[in-house]
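Bear in mind that the values in this text are calculations on the coordinates, not laboratory data. All figures in this text were calculated on a predicted structure; none of them were measured in a lab. As a convention, Cβ positions derive from the backbone with ideal geometry for all residues, glycine included, and neighbour counts pool all protein chains shown.
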Amino acid sequence: MRLSDDKATHLSHVILDSLLGAPGVTPKTDRESILREVKRILYAELHVEEEVDAAARKKLASLSRQLPEGSPEWAVRYQVYFREEMNRRGRLFMGA
């Protein structure tokens with residue numbers, strides 16, 4: 001998934017505002033430093049998702065019987081492979 005810098009900045013602000021609005025949360029550094037770190041983590045997680053997508057597609061391409069992309073069987077197998085790869089990387093995937 002690609003994310004524009006504006007969208008990443010907006011999401012970073014939303015995440016930070018949500019965190020700072022939680023009871024008992026007191027920042028130990030300035031707001032800008034926290035925003036930079038949230039944005040860095042956001043981009044890192046999106047990069048992981050791109051790698052997992054590529055791995056799932058590679059598994060699908062290696063099947064002896066080629067499935068047309070977008071077919072119901074392809075979609076089901078893609079989700080299975082995607083979940084497996086996310087689990088391997090220690091990520092919790094809640095997608096459909």
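Brief remarks follow.
- Flag for LEU46 being surrounded by 12 or more Cβ atoms within 10 Å (Cβ to Cβ), touching a residue at least 40 places away in the same chain (Cβ under 8 Å), assigned to a loop (DSSP other than H, G, I, E, B) and within 18 Å of the chain's Cα centre (by Cα): no
- Taken over the stretch 1-29, the criterion of being over 15 Å from the mean Cα position of the chain (by Cα) and part of a loop (DSSP other than H, G, I, E, B) is satisfied by ALA22, PRO23, GLY24, VAL25, THR26, PRO27, LYS28, THR29.
- Test result for LEU92, aliphatic (A, V, I, L, M), touching a helix residue (DSSP H, G or I) at 6+ places or on another chain (Cβ under 8 Å) and in a loop (DSSP other than H, G, I, E, B): yes
- Condition met for VAL38 (hydrophobic (A, V, I, L, M, F, W, C), more than 15 Å from ARG91 (Cα to Cα) and touching a helix residue (DSSP H, G or I) at 6+ places or on another chain (Cβ under 8 Å)): yes
- Sub-6 Å Cβ pairs linking a first residue in the stretch 50-77 that is more than 22 Å from ARG91 (Cβ to Cβ) to a second residue that is in a helix (DSSP H, G or I), at least 6 apart or interchain, are LEU67/GLU73; LEU67/TRP74, ordered by first then second residue.
- Of the residues making up the stretch 54-69, those that are of a type outside the set (Gly, Ala, Ser) and either in contact with a Cys (Cβ under 8 Å, 6 or more places away or on another chain) or assigned to a helix (DSSP H, G or I) (or both) are ARG57, LYS58, LYS59, LEU60.
- Selection within the stretch 1-43 - loosely packed, with under 10 Cβ neighbours inside 10 Å and small (Gly, Ala, Ser): SER4, GLY21, ALA22, GLY24
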